[in-house]
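A.B. asks: Quick one: this structure, given as structure tokens, is what I'll be asking you about.
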Amino acid sequence: MNSELVLNIPNDLHAVEDVVDYVVARCPSCEEDARKLNLNFRVGLTEALSNAILYGNGRDPAKTVRLEVAIRDSRITVQVTDQGNGFDPERVPDPTCPVNRRKIGGRGLFLMRELMDEVRFNDRGNSVTLVLRLSSGERVGGGAQA
């Protein structure tokens with residue numbers, strides 16, 4: 001099944017839950033993939049959208065977040081792009097390191113990397129691509145490389 005979905009989302013955290021529900025409802029669902037869709041995908045997409053709104057666009061209500069979704073070849077690919085200046089994901093401190101455990105920030109990126117099969121950023125750092133493989137039976141998450 002191939003599907004394309006493009007949404008321009010208001011820069012409002014209150015919109016995130018509804019957008020995630022909308023996208024998940026349009027993804028293929030089967031018993032084998034229900035857990036991945038309802039945990040991995042839902043959390044990964046929520047974190048990507050929230051980060052774009054909070055950090056990328058700085059909560060600026062005049063800005064939007066672009067969401068592109070493609071479902072092809074037993075995988076869901078989403079690209080979340082904000083209108084901000086971007087950042088270097090390699091400079092975000094590891095939140096599992098003891099010295100960083102009480103610091104705010106970095107947990108959303110950590111969750112995306114753990115729950116999705118692939119996490120990639122564009123060179124500017126204002127767009128993240130998340131990939132979740134379906135029906136593979138390999139793993140539910142963990143260890144994705146950016």
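The values are calculated or read from the model by the stated rules, or taken from the named source; none is laboratory data. For clarity, every value in this text was computed on a predicted model and none was experimentally measured. Here the Cβ positions follow ideal geometry from the backbone for every residue, glycine too, while neighbour counts run over all protein chains shown.
A.B. asks: Can you name the residue in the stretch 58-101 that is of a type in the set (Ser, Thr, Tyr) and more than 17 Å from Arg120 (Cα to Cα) and is also modelled with the highest pLDDT among such residues?
C.D. replies: Within the stretch 58-101, the match that is modelled with the highest pLDDT is Thr64.
A.B. asks: Test each condition in (1) without any contact (Cβ under 8 Å) to a residue 40 or more places away in the chain; (2) within 21 Å of Asp123 (Cβ to Cβ); (3) of a type in the set (Ser, Thr, Tyr) for Tyr22 and report the one that comes out false.
C.D. replies: Checking Tyr22 against (1) without any contact (Cβ under 8 Å) to a residue 40 or more places away in the chain; (2) within 21 Å of Asp123 (Cβ to Cβ); (3) of a type in the set (Ser, Thr, Tyr), the one that fails is (2).
A.B. asks: Just give me the residues in the stretch 83-117 being buried (at least 16 other Cβ atoms within 10 Å of the Cβ) and either hydroxyl-bearing (Ser, Thr, Tyr) or under 10 Å from the mean Cα position of the chain (by Cα) (or both), in sequence order.
C.D. replies: Hits for the stretch 83-117 are Gly108, Leu109, Leu111, Met112, Arg113, Leu115, Met116.
A.B. asks: Here are the criteria: (1) buried (at least 16 other Cβ atoms within 10 Å of the Cβ); (2) in contact with a Gly (Cβ under 9 Å, 6 or more places away or on another chain). Tell me which single one Thr64 does not satisfy.
C.D. replies: For Thr64, the failing item is (2).
A.B. asks: Could you list, ordered by first residue, the pairs with Cβ atoms under 8 Å in which the first is in the stretch 122-139 and farther than 15 Å from Leu45 by Cβ and assigned to a loop (DSSP other than H, G, I, E, B) and the second is among the charged types (D, E, K, R) and modelled with pLDDT of 95 or more, at least 6 apart or interchain?
C.D. replies: Once the first residue is farther than 15 Å from Leu45 by Cβ and assigned to a loop (DSSP other than H, G, I, E, B) and sits in the stretch 122-139, its partners that are among the charged types (D, E, K, R) and modelled with pLDDT of 95 or more give Asn126/Asp82.
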